[in-house]
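What follows is a single structure, written as structure tokens, with notes after it.
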Amino acid sequence: MDTLIISARRGSEALSPLLREYGLTEQHYAYNGGEARRLLGESHFEIIVINTPLSDEFGADLSVECARKSDAGVLLLVACAHAAEISARVEDYGVFVVAKPFGKSLLFQAVKLAQASRRRILGLRQENTRLQEKLEELKLSGRAKAALMQYLGMTEQQAHRYLEKQAMDLRLPKSEVARNILSAYEDH
């Protein structure tokens, strides 16, 4: 599991070994926000841990950007005094704020929540893609039925039945049959 650790402190204190204990063994490091943004554009990470403050920015805006531009689970480690304020700013984007200092079990819990959140996001994206494909198929079918009605004088029921029968007889997806009909009739 690829993890990006963003921290102004080289070696990230005890953070790196703790994350390894949780199975986050493929670790990449950035030491400021600019470097992190460059790495985000080049790689795909499953978990991003930002240990604030960074040398070139605090890190809250970076956490929001990471959450918006990737499907990674994002953890933002913040001094206890600022945790509530920062959490209010970033939680709507799915960023998990962990108040420092923290115990091993709290970090483990936060990592597990970030991983669960990431899996849920991926599931929702897959469902969204499936629904978009279905919507595109319905649009194609509608256009194909309209072409059959216009050019062959079929009723809507006849056009619908024709599409389904062609798909079954030719063992093709209905969307492909619709594309074939559209290419035959819409070019005229």
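No lab work stands behind these numbers, since they all come straight from the coordinates. Only a predicted model underlies this, so the values are computations on that prediction, with no experimental measurement involved. Counting neighbours? That spans all protein chains shown, and the Cβs are built from the backbone with ideal geometry, glycine included.
Classify the stretch 2-102 from the C-alpha gyration tensor, please: rounded if a/c falls under 1.5, else prolate or oblate depending on whether a/b exceeds b/c.
Rounded, since a/c falls under 1.5.
Only helical DSSP H runs with n ≥ 4 go in: add -39500 (n - 2.57) per run for the chain, normalise by residue count and round the 222 nm mean residue ellipticity to 500 deg cm²/dmol.
So the helix-based figure for the chain works out to -20000 deg cm²/dmol.
Take residue 68 and residue 139, extend 7 Å from each Cα along the Cα→Cβ direction, and tell me the distance between the two endpoints in nm.
2.6 nm
Select from 7, 101, 173 the residue farthest towards the positive end of the dipole of the chain; place +1 on Cβ of Lys and Arg, -1 on Cβ of Asp and Glu, and compute about the Cα centre.
Farthest towards the positive pole: 173.
More than 13 angstrom separation, counting every C-alpha pair in the stretch 132-187; what % is that?
53 percent
Whole percent per 5 Å bin, from 0 to the bin with the longest distance: what is P(r) over all C-alpha pairs of the chain?
Using 5 Å bins, I get a P(r) of 1, 7, 14, 15, 13, 7, 4, 4, 6, 7, 7, 7, 5, 2, 0, 0 for the chain.
What's the center-to-center distance, using Cα atoms, between the stretch 87-102 and the stretch 19-65 in Å?
Comparing the Cα centres of the stretch 87-102 and the stretch 19-65, I get a distance of 15 Å.
Calculate the spin-label point distance for residue 160 paired with residue 84, positioning each point 7 Å from the Cα along the beta-carbon direction, and give it in nanometres.
Distance between label points: 5.8 nm.
Determine, for the chain, the count of lysine pairs separated by eight or more sequence positions (or lying on different chains) whose alpha-carbon distance falls under 17 Å.
Number of lysine pairs found: 7.
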